[in-house]
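Novice: Quick one: this structure, given as structure tokens, is what I'll be asking you about.
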Amino acid sequence: MGVTMRLVGLAARRPRVLMAAMPGATECRLALEAGLRRRGWAAVPSPAAADVVAACGQVPPDLAGPLAQVWSEVPEPKAYIVCADPPSVEADLDRVAGRLADPAGGPGPGWAASQPEYACSQDDGMGMGVHGGSGHGVDGDGGMEMPAGLAMADRGADRDGLKLDQLHAGLGPFLADWPAGLVLHLVMQGDIVQEATVETLGATPVGSFWNEPWRQAAAGGEVTAGMAARRLAACRLDGLGRLLAVAGWPDAAGAARWLRDELLAGLPTTDAARRFGRLERRVGRSRALQWATAGVGVIGGPDVAARYQGWLADIAEAVAALDDQTPLPGSALVRSLPVPAPGELLAALERAAVGAEIGAVRLMVAGVDVDLDEAVDPAGVGGG
Amino acid sequence: MVVETAPLWAVLVAPALLTALAGVGTWADRLVEARAAGAASRPEAVLTGMVSDAARLLVAQRRATLAPDRLMWRLGVVVVPVAAVLAVVVVPFGRWAVDDLGVGVVWFNAMEILTWAALWAAGWGPNSFWSLIGGYRMVVQGLAYELPHMFALIGVATAAGSLQVGTIVAHQRHLWFAVWMPLGFVAYLLSVLGFSFTKPFDQPAGADLSGGVLVEAAGADRLVIAAGRWLLLAAGAAMAVPLFLGGGLGPGLPAWAWSTLKSLAVLGVLVAARHRMPTIRLQRWVPVAWLVLIPLTIVQVLVAALVVLAR
């Protein structure tokens, strides 16, 4: 036990965190990401890779089930925290590290010798572990006993006129680099999406964190154009970071998120311009990124490549305006808000996902950068 | 002789050297990423992170999914590092190789192909949709890198008139093969990134699948497959030295020092490539591999054959 406990102690020095982003809690997510960066803790994309589950924000009732599912898939020793208050994130992280390292309390029930392997149930909250079962449409299996009691897959016509097995899977709600509260229900054949339906969970349309300066100005608050520019630049950097992470470029994603957090913390204009220049050269001129994202995107709209180039242009403009002291007009044009209401975007996503490869769907979602905290237009989504 | 078969105890030394090389690569890789993201990036802090990760994976539970193909899963996971270690049997360190087989190039190629099958099995085993897609992505990726890889090796073997790594090194006494077979060298390096499913060719374990073949791997399984990935990259980097960069040949320094320096340099180039660009999507890469890379490497083999005829 001595060696094991020493290993547990070593492991607790750099926990790996699965972030479960809750709707309406962008600030919590940002605070947690910044906290992880300061400590050199990594955020990981799957429960199997994690030892800490961190809920960013209060957990709404309809997300509690999926969260419990994700928690059940994290191997012991593990710990769970809710970061619902941005200023206390540091204390939360200290506490979780202590809990992981604490040899007296033990890492948790069911750990180690008693249960060297852990099982998970059939459907999980990330939508990432559909181990047959509940996911499949049930086919008449003729009374034959199927392995592990799983039902056989339904079949459907594919794009080449063949009949192929269908799998009912889902993306979200707790997927790394994924909009909080979004679930994309998919019918898949191989890695190709046949049908896609959007569902939004835990939505409390409190208004997007990124639109705050404009809302305040509209409510008669004193907001300068510079403050709004700062928020806009950070918003686009957030979207860029998510896209770069999904595109498999963690260096650039990390750089974008770092600059985002520094901007929100009040980075001076000259530093911001210098650092953004470096990022823009790296990302904006990357042919590989262009190659990976060109032609991927919402039908009729700009492709993902055009979208991130647009974001870079937005950031450049905003960084130049960081010191603008003129007050933001209260009527500041709703159409120029950083984050639009997601209704139309979600409906377009449903259409565009059909026939796309799963990786392309991830890029598409990152490319439209929806924020469910803005009120969802009920007419736009899920109707059909 | 430029390369000799080492005494039997080298069987223990070779895996240790390979692990050390892989460790240096991992450390450099994490350092670069931490610097870029503004994370805690003192060299010793990065080392602590590596130790901590290994410790966690050693104590964490392994995972049992519903109705897994346990045999395929475990086999797939274990074969990745085993293939890497077996591959370096023929890679000379200075003057010494564990065994300088007469068919050394074929041996290396065979071990590397094992990983192709292993990763598919590791994706198939857990009975998880996302890991299965990752496994099949590896199959597609293999179709894209295997042929250029083989043609690059054939070019080298043709130029040296031998499949023995020692003979290949001896033929580079005056001029490295990398100098007059640059296409083969580049194709070889690309295929090393491919068979070790390393960025930018990491779609089998891609971020868009939340880790693909790795998505269900927890605890020791994860440690074995993640370490195996780096061992493969290190083995590929080490093999590039005798194949293209004259092995331990060089002025002044002893042969083992040249081998070390050249291996570190190749590994440095590969690690740098990891950070320069995002993941290359197979949908985009496969046409390029088949329409551009394969014809180019065939031309390279023809050039090598003509040079040998003219000699």
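The values are calculated or read from the model by the stated rules, or taken from the named source; none is laboratory data. Here the structure is a predicted model, which means the values were calculated and not measured. Note: ideal-geometry Cβ built from the backbone for every residue, glycine included; neighbour counts use all protein chains shown. Accessible surface areas use protein heavy atoms only, side chains included; no ligands, DNA or RNA. Shrake-Rupley method; radii C 1.70, N 1.55, O 1.52, S 1.80 Å.
Novice: In the range B:164-189, which residues are surrounded by fewer than 23 Cβ atoms within 10 Å (Cβ to Cβ) and under 30 Å from residue B:225 (Cβ atoms)?
Specialist: B:186, B:189
Novice: When the range A:165-188 is examined, which residues are found to be among the acidic types (Asp, Glu) and more than 9 Å from chain B (Cβ to nearest Cβ)?
Specialist: Residue satisfying the conditions is A:165 alone.
Novice: Quick check, is residue B:224 β-branched (Val, Ile, Thr) and closer than 17 Å to residue B:294 by Cβ? If you could, list the steps in order and put the result at the bottom.
Specialist: Values: β-branched (Val, Ile, Thr): yes; closer than 17 Å to residue B:294 by Cβ: no.
Taking the combined requirement at face value, the residue does not satisfy it.
Novice: Test residue B:76 against the criterion of being within 14 Å of another protein chain (Cβ to nearest Cβ) and either at negative phi or at pLDDT 90 or above (or both), and give yes or no.
Specialist: no
Novice: Please give the number of the condition residue B:264 fails out of (1) under 30 Å from residue A:360 (Cβ atoms); (2) out of contact with any strand residue (DSSP E or B) (no Cβ under 6 Å at 6 or more places or on another chain).
Specialist: Only one criterion is unmet by residue B:264, namely (1).
Novice: Report yes if some residue within the range B:87-103 is within 29 Å of residue B:202 (Cβ to Cβ), part of a helix (DSSP H, G or I), open to solvent by 40 Å² or more (accessible area, probe 1.4 Å) and of a type in the set (A, V, I, L, M, F, W, C); otherwise report no.
Specialist: Within the range B:87-103 (the criterion being within 29 Å of residue B:202 (Cβ to Cβ), part of a helix (DSSP H, G or I), open to solvent by 40 Å² or more (accessible area, probe 1.4 Å) and of a type in the set (A, V, I, L, M, F, W, C)), the answer is no, since none of the residues qualifies.
Novice: Within the range A:14-34, count every residue that is surrounded by fewer than 20 Cβ atoms within 10 Å (Cβ to Cβ) and within 14 Å of chain B (Cβ to nearest Cβ).
Specialist: First pass over the range A:14-34, keeping only residues surrounded by fewer than 20 Cβ atoms within 10 Å (Cβ to Cβ): A:27.
If we keep only those that are within 14 Å of chain B (Cβ to nearest Cβ) as well, we get none.
Matching residues across the range A:14-34 total 0.
Novice: While we're here: For the range A:348-376, give me the residue count where each residue is open to solvent by 10 Å² or more (accessible area, probe 1.4 Å), part of a loop (DSSP other than H, G, I, E, B) and of a type in the set (A, V, I, L, M, F, W, C).
Specialist: Matching residues across the range A:348-376 total 4.
Novice: Just a yes or no: is a residue in the range B:239-258 within 24 Å of residue B:27 (Cβ to Cβ) and within 14 Å of chain A (Cβ to nearest Cβ)?
Specialist: Looking through the range B:239-258, none of the residues is within 24 Å of residue B:27 (Cβ to Cβ) and within 14 Å of chain A (Cβ to nearest Cβ).
Novice: Pull up the range A:223-237, narrow it to residues that are open to solvent by less than 10 Å² (accessible area, probe 1.4 Å) and within 17 Å of the chain's Cα centre (by Cα), then point me to the one that is nearest to the other protein chains (Cβ to nearest Cβ).
Specialist: Per the stated criteria, the residue is A:237.
Novice: Of all the residues that make up the range B:1-26, how many are of a type in the set (A, V, I, L, M, F, W, C) and in contact with a helix residue (DSSP H, G or I) (Cβ under 6 Å, 6 or more places away or on another chain)?
Specialist: Going through the range B:1-26 one residue at a time, the tally reaches 6.
Novice: Yes or no: residue B:30 within 12 Å of another protein chain (Cβ to nearest Cβ) and modelled with pLDDT of 90 or more?
Specialist: Numbers: within 12 Å of another protein chain (Cβ to nearest Cβ): yes; modelled with pLDDT of 90 or more: yes.
So residue B:30 passes the test.
Novice: Restricting attention to the range B:254-311, report how many residues are of a type in the set (Lys, Arg) and open to solvent by less than 20 Å² (accessible area, probe 1.4 Å).
Specialist: Taking the range B:254-311 and keeping what is of a type in the set (Lys, Arg), we get B:262, B:274, B:276, B:281, B:284, B:311.
Checking which are open to solvent by less than 20 Å² (accessible area, probe 1.4 Å) leaves us with B:262, B:281.
Residues that pass the stated criteria total 2.
Novice: Can you give me the ranges of the helices (runs of 4 or more DSSP H) entirely in the range A:246-326 with at least 1 residues that are within 14 Å of chain B (Cβ to nearest Cβ), basic (Lys, Arg) and in contact with a helix residue (DSSP H, G or I) (Cβ under 7 Å, 6 or more places away or on another chain)?
Specialist: Details: elements: A:250-264, A:269-284, A:287-293, A:304-320.
Hits in the range A:246-326: A:250-264, A:269-284.
Novice: I'd like to verify a number: residues in the range B:33-65 that are under 23 Å from residue B:272 (Cα atoms), within 7 Å of chain A (Cβ to nearest Cβ) and not in a helix (DSSP H, G or I), how many? Let's see the steps before the verdict.
Specialist: Residues of the range B:33-65 that are under 23 Å from residue B:272 (Cα atoms), as a first pass: B:33-51, B:53.
Within this subset, residues satisfying the condition of being within 7 Å of chain A (Cβ to nearest Cβ) are B:33-34, B:36-40, B:45, B:48-49, B:51, B:53.
Retained after the next criterion (residues that are not in a helix (DSSP H, G or I)): B:38-40.
Looking only at that region, the number is 3.
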